[in-house]
1. So which residues in region 1-40 are in contact (Cβ under 8 Å) with a residue 40 or more places away in the chain, over 25 Å from ALA154 (Cβ atoms) and either of a type in the set (Val, Ile, Thr) or assigned to a strand (DSSP E or B) (or both)?
2. I'd like the full set of residues that are under 13 Å from MET7 (Cβ atoms) and either part of a helix (DSSP H, G or I) or open to solvent by 50 Å² or more (accessible area, probe 1.4 Å) (or both), limited to region 163-181.
3. Name the single residue that is least open to solvent (accessible area, probe 1.4 Å) among those in region 48-71 being without any contact (Cβ under 8 Å) to a residue 24 or more places away in the chain and within 22 Å of the chain's Cα centre (by Cα).
Amino acid sequence: MAAKLQMNVPQTFELAFDEGLRVHSKFGGDQVMFSLTNGEKWYCDPFIAAKIRDAKIGANVPFTVCKREVVNGNRRVVEYEVERILDVSLAPPAADPDPRPTMRAVESPNTSAVFVGAGAVVTPAATPAPSTVALMKMAGIGAIDSVLEVEKYAQSRGLTDFNFGADNIQKIMACLFIEMSKKAGRA
């Protein structure tokens, strides 16, 4: 069985051997095949294998790989993050196990709603109802954060193949936006 990476979901691997085997891909080009300690095989591009080597990851050393979609201007590119997992017994306890910024809704007597998160504050205009732009921002942040929380919970319950696609996030955002528009900023 071959291990596969999902978009924006970090996966933990442990190599059975220090080096991978260069193989020819059935889709064309070269790949590196790694044998994992759980008996699976993992095929990756040579530049990902170079990141593993540069991080000094060898046999029986746990590490994570995350395939991330990043937006650069009008272009979407895929980046791979490779991180060695430190020995938990030697590492200081982490203050926050989830470094991803989260959003929270704060009701205020002066405004309809205030959303705080992702390093920014989106506040409604001075008028009784938030602007359409503010509502769209709130709906987008809410959709992304809620989807990430649901995916995280599903993975903690053993559903490793459970994830939402970009189209589902857009649908959730649209639903939130419609509800918030009807209720003047409250979802």
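The values are calculated or read from the model by the stated rules, or taken from the named source; none is laboratory data. For clarity, every value in this text was computed on a predicted model and none was experimentally measured. All Cβ positions, even for glycine, are placed from backbone atoms using ideal geometry, and neighbour counts span all protein chains on display. Remember, those area values only see protein heavy atoms, side chains included, never the ligands or the DNA or RNA. Shrake-Rupley method; radii C 1.70, N 1.55, O 1.52, S 1.80 Å.
1. Quick first cut of region 1-40, residues in contact (Cβ under 8 Å) with a residue 40 or more places away in the chain only: 1-2, 5-18.
Add one more test, that the residue is over 25 Å from ALA154 (Cβ atoms), and what stays is 15-18.
The answer is LEU15, and nothing else.
2. Filtering region 163-181 down to residues under 13 Å from MET7 (Cβ atoms) leaves 163-169.
Result: ASN163, PHE164, ALA166, ASP167, ASN168, ILE169.
3. Among them, the one singled out is VAL70.
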